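Have a look at the structure below before the remarks.
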Amino acid sequence: NIEWFEASGAATLYSYVIHHRPLPYWETEGPRSVAIVELAEGPRMISSVVGCPQTPEALQIDMALQATFVPFDDISLLCFEPTAGAA
């Protein structure tokens, strides 16, 4: 049974890798995290953690995250950033 619901935006970092190669679409040289985040409501999704150093020291499993939208060309992408005091 699948249903639509409004998510809170709260999440935790479930897993990640740090991608070091240039990402021309993001106009960045890297590194950039490719993360699996677990929403407070239960589902997991692939996204990126922004707003903190892209290092193992900063990206801690189970750290608290909050949804944020990052402008990208004509759209905004759903990413996650550490909540206050999490990074």
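Values in this text are rule-based calculations from the coordinates and carry no lab data. Values in this document were obtained by computation on a predicted structure and should not be read as measured data. Positions of Cβ are generated from backbone atoms using ideal geometry, with glycine treated the same way; all protein chains shown enter the neighbour counts.
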_Listed residues 12, 68, 55, most fluctuating in the chain (Gaussian network, C-alpha, under 10 Å)_ = 55
_So if I place +1 on the C-beta of Lys and Arg and -1 on the C-beta of Asp and Glu, and nothing else carries charge, what would the dipole magnitude of the chain be about its Cα centre? I want it in debye, nearest 20._
260 debye
*If you plug each phi of the stretch 40-46 into the Karplus form 6.51 cos²θ - 1.76 cosθ + 1.60 with θ = phi - 60°, what whole-Hz ³J(HN,Hα) values come out, in order, with x for Gly and Pro?*
4, 7, x, x, 10, 8, 8
*Return the long-range amide H neighbours of residue 10 (sequence gap of 5 or more, or a different chain), with a cut-off of under 5 Å between placed amide H atoms.*
40, 67
*asked:* Just to be sure I understand: with springs between alpha-carbon atoms less than 10 Å apart, which residue in 46, 75, 36 has the highest mean-square fluctuation in the Gaussian network model of the chain?
replied: 75
*Please identify the longest segment of the chain free of exposed chymotrypsin sites (Phe, Trp or Tyr not before Pro), where exposed means a DSSP state other than H, G, I, E or B and no more than 10 other Cβ atoms within 10 Å.*
6-87
*Using a simple spin-label model with points 7 Å from Cα along the Cα→Cβ vector, what separation in nm is obtained for residue 40 and residue 21?*
3.7 nm
*If amide H atoms are built 1.01 Å from N in the plane of the peptide, which residues on other chains or at least 5 residues away come under 5 Å of the amide H of residue 48?*
35, 80
*Using the alpha-carbon centroid of each, what span in Å lies between the stretch 33-65 and the stretch 2-22?*
6 Å
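Sort the chain into rounded, prolate or oblate with this rule: let a ≥ b ≥ c be the square roots of the eigenvalues of the Cα gyration tensor; rounded if a/c is under 1.5, and if a/c is not under 1.5, prolate when a/b is larger than b/c, oblate otherwise.
Judged from the Cα gyration tensor, the chain comes out oblate (a/c at least 1.5, b/c at or above a/b).
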*Along the stretch 67-78, what does the Karplus equation 6.51 cos²θ - 1.76 cosθ + 1.60 (θ = phi - 60°) give for ³J(HN,Hα), rounded to whole Hz, x for Gly and Pro?*
5, 8, 10, 10, x, 8, 6, 8, 10, 10, 9, 6
